[in-house]
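Report on one structure; see the data block that follows.
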Amino acid sequence: MQNKFVLGISAFALAVGLAACSGETDENAEGQNDQTEPQTEEAEIAETNFDDIPDVVATINGVDLLKDDFVVEYNNAKQQQMMMGGQGDPSSTEVDEQLKDQSVNFLVDTELLTQASNEADVEVTDEDVNEQLDQIKAMYQLESDEDLEEILSGQDLTVDEFKAQIKESMKPQKYIEQEAQIEEPSDEEIQSTYEEIIAASEGEEEPPPLEDVEDTIVEQLKAQKTSEAANDILEDLREENEVEIFV
């Protein structure tokens, strides 16, 4: 599997649409566009050519994954690469093919996990959804439900509809956590990671004491273990299910 599944199948993926509607994010985007204008012009040329992409980019157990969703994911991946200063010319043929491969595999992995989570009757609670929603509101500095409603209205969504999307989008992540059964990092793992951080920051500012960063290290280690487990789970799912890719 060429594309490593990123544990981003969550409400944060849905929140991408909020960025396009929020005034503050638009201002930030203007600054980023000023810095990357030459690349953006080249990327727009590459993004307009999807003539060779079939209407159905893949099928998973008879479920069609459509070109329209592929184009959205491709454009998101290219924009992210440009914003993060990705290696290579984003308009080159080689990078274009890599982004196409990445995009279709992301869609395939998402569908595989969605189907698996539905078969396993994975449950996402209202508490889970509200916690995720609070994180989204904090990310976009939304102070009230009214602020959220105003942004969602631009996408013809109500808060309840958005919560329903969040619930569905969280199922694959919950499935991975359920299947992976990630244990809490040991004291030895935490200490080792802390020492690596100190070694990497040698000569810079005085490193913080372990107790100040322990929670962050624990979350980092759990995320790494979950990511590794996700890749193993997806490899198994690809072997066990009928997967056809046409891109």
P(r) tail fraction, the range 115-195 - alpha-carbon pairs more than 17 Å apart, %: 60 percent
Interchain or long-range residues, amide H under 5 Å from Val57's placed H: Leu65, Leu66, Lys67
Label point distance in nm, Gln178-Gln80, each placed 7 Å from Cα along Cα→Cβ: 2.5 nm
Linear extension gain, Glu240 paired with Glu149, 0.36 nm per residue minus alpha-carbon span: 28.6 nm
Carbon + sulfur, % of accessible area of the range 101-141 - ligands and nucleic acids excluded, 1.4 Å: 40 percent
Given charges at beta-carbon only (K, R positive; D, E negative), |dipole| of the range 172-247 in Debye: 360 debye
Within the accessible area of the range 144-216 (1.4 Å probe), percent carbon and sulfur: 42 percent
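The values are calculated or read from the model by the stated rules, or taken from the named source; none is laboratory data. Remember, predicted model here, so these are calculated numbers, not experimental data. Here Cβ is always computed from backbone atoms with ideal geometry, including for glycine, and neighbour counts include all displayed protein chains. Keep in mind that these areas ignore ligands, DNA and RNA; they rest on the heavy atoms of the full protein, side chains included. Shrake-Rupley method; radii C 1.70, N 1.55, O 1.52, S 1.80 Å.
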